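One structure follows; several queries about it will come next.
Computed from the coordinates by the stated procedures, all read-outs in this text should not be read as laboratory data. Here the structure is a predicted model, which means the values were calculated and not measured. Backbone-built Cβ (ideal geometry, glycine too); neighbour counts: all protein chains shown.
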Amino acid sequence: MDREKLFAATLKDLLLLCRRQNNRVTREQITDAFRVLSFNEAQLLEIENYLAERKISVYEDTLPEKPEEEEAGHASRTEAASLRDYRNVLARRRNLSDEEKESLFRLVKEGDGAAKSRLIECYLPMVDDISRLYEGQGVFAEDLVGEGNVALVAATGLLGAVETVAEAEQAISSMIMNAMEELIDRTEKERADDEKTLNRVREVAEKTASLKEEYRRNVTVDELLEETGWTPDRIHAILRLTGGEMEGLDTAGAEPHTGE
């Protein structure tokens, strides 16, 4: 595998890891990923900048604990095995009667914090049930549950104007579904953006290789631009990402650009 194809494959794997970790990654994970390419500190910094542009947080040592609002679900960003355990725990929970729910809603509307926590626990199974409706749409099941749990916590804080348990449950389920649908849409867009970048790396690499074979020598950036009609920004954006290196491309004297 040539260097550019290896780079594209490595970046794709790293992006998948970042998404899997809720758009978070450590510097050690980045370094490990690109060790096969012998990236130096400057090149690794370009990768970090690229990830930051995609709203991926880079941490120095270890990933932080889950945010407070996610702890109610205990399964927001865990591995599949933990999600199974979590679902087994939910299955053993006793369902509240309508009278118990009415009492909890009344106390929540009065500002009772303990009642709010109890209500959240009561509707954790609802989050899990709804998450199953959205499985297979490009988002990990545990991420759906985590997003739904955050929406559940938010929904329980907005029940002041709700009159009945039925209305409250409808409001809660709607917020959970909206949160999951937004996560799916957001993930799909992020994946499309990532794939666009990877395709551009491959496209530039393949065109460079083709011209090198035709010219029987390395080609310059200016020659590549002339042959393709691409903008300088497009080429230099790829070169920044790959650490300024592209097999078959002579980058000596090439001026960096900013923009697209």
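Would any residue of the range 223-241 have its amide N under 18 Å from a label point 7 Å out along Cα→Cβ of Glu214? List them or say none.
223-232, 235
Of Ala114, Ala168, Ala209, which has the largest mean-square fluctuation in a 10 Å C-alpha GNM of the chain?
With Cα springs under 10 Å in the chain, the top fluctuation among Ala114, Ala168, Ala209 is at Ala114.
Next question, about the same structure. Any idea how far the Cα center of the range 1-34 sits from the one of the range 169-196, in Å?
23
With labels modelled as points extended 7 Å from the Cα through the Cβ direction, what inter-label distance (nm, one decimal) is found for Val89 paired with Asn49?
Output for this residue pair reads 4.3 nm.
Calculate, in nm to one decimal, what Lys12 and Asp185 gain on full extension: separation in residues at 0.36 nm each, minus their alpha carbon distance. Working shown, then result.
Details: separation 173, 0.36 × 173 = 62.28 nm, distance 1.93 nm.
Extra length from Lys12 to Asp185 when fully extended: 60.3 nm.
Still on this model: Can you compute the FRET efficiency between Lys5 and Asp222 using 1/(1 + (r/R0)^6), with r the Cβ-Cβ distance and R0 = 22 Å? Round to the nearest 0.05. Intermediate results must be reported in sequence, preceding the final value.
Working: r = 25 Å, r/R0 = 1.12.
Efficiency computed from Cβ-Cβ geometry: 0.35.
Report, to two decimal places, the Cα Rg of the range 1-64 normalised by 2.2 N^0.38 Å (N = number of residues).
Details: Rg = 11.1 Å, N = 64, 2.2 N^0.38 = 10.7 Å.
Here the answer is 1.04, to two decimals.
Moving on to the next point. Taking 0.36 nm per residue of sequence separation and subtracting the Cα-Cα distance, how much length would be gained by fully extending the chain between Tyr59 and Ala252, in nm to one decimal? Show your work: numbers first, answer last.
Numbers: separation 193, 0.36 × 193 = 69.48 nm, distance 3.37 nm.
Length gained between Tyr59 and Ala252: 66.1 nm.
In debye to the nearest 20, how big a dipole does the chain give about its Cα centre with +1 on each Lys and Arg Cβ and -1 on each Asp and Glu Cβ? Can you show the working numbers first?
Values: 35 positive and 56 negative charges, 113 e Å.
About 540 debye.
Per residue, what volume in Å³ does the Cα convex hull of the range 68-186 take up? Display every interim value, and only then the final one.
Values: hull volume 11.7 nm³, N = 119.
Dividing the Cα hull volume of the range 68-186 by its residues yields 98 Å³.
Let me know the shape class of the chain, please: from the alpha-carbon gyration tensor, a ≥ b ≥ c as square roots of the eigenvalues, rounded when a/c is under 1.5, otherwise prolate if a/b is greater than b/c, or oblate.
Details: a/c = 3.35, a/b = 2.94, b/c = 1.14.
Judged from the Cα gyration tensor, the chain comes out prolate (a/c at least 1.5, a/b above b/c).
Counting Lys and Arg as +1 and Asp and Glu as -1, each charge on the Cβ, what is the dipole of the range 1-64 about the Cα centre in debye, to the nearest 20? List each step's numbers first, then the result.
Numbers: 10 positive and 11 negative charges, 72 e Å.
Computed about the Cα centre, the dipole is about 340 debye.
OK, next. Of Ala168, Thr62, Ala81, which is farthest on the positive side of the dipole of the chain, counting Cα position, with +1 on Lys and Arg Cβ, -1 on Asp and Glu Cβ, and the Cα centre as origin?
So the residue we want is Ala81.
Moving to a separate point now. Taking springs between alpha-carbon atoms closer than 10 angstrom, which of Glu247, Glu121, Glu227 fluctuates most in the Gaussian network model of the chain?
Maximum fluctuation in the GNM of the chain, among the listed residues, is at Glu227.
Pairs of alpha-carbon atoms within less than 8 angstrom and 6+ residues apart define the contacts here; what relative contact order does the range 1-64 have, in percent? Intermediate values should be presented prior to the final figure.
Details: 45 pairs, mean separation 26.2, N = 64.
Value for the range 1-64: 41 percent.
Let me ask something else. I need Tyr134, Tyr59 ordered by Cβ neighbour count within 10 Å, fewest first.
Working: Tyr134 18, Tyr59 14.
Exposure proxy ranking, most exposed first: Tyr59, Tyr134.
Could you give the size of the charge dipole of the range 68-186 about its Cα centre, using +1 on the Cβ of each K and R and -1 on the Cβ of each D and E, expressed in debye and rounded to the nearest 20? Can you show the working numbers first?
Details: 13 positive and 25 negative charges, 66 e Å.
Approximately 320 debye in magnitude.
Same structure again: What are the lysines whose alpha-carbon lies under 21 Å from the alpha-carbon of Lys207, with same-chain residues fewer than 8 places away excluded?
Lys5, Lys12, Lys196
Now a separate question. Have a look at Leu144, Leu37, Leu15 and tell me which one the Gaussian network model of the chain (Cα, springs below 10 Å) gives the largest fluctuation.
Among Leu144, Leu37, Leu15, the largest GNM mean-square fluctuation belongs to Leu37.
To continue, here is another question. With the convex hull built on the Cα atoms of the range 126-219, state its orientation-averaged projected area in nm². It would help to have the intermediate numbers written out before the result.
Values: hull surface 33.1 nm².
One quarter of the hull surface, i.e. the mean projection, equals 8.3 nm².
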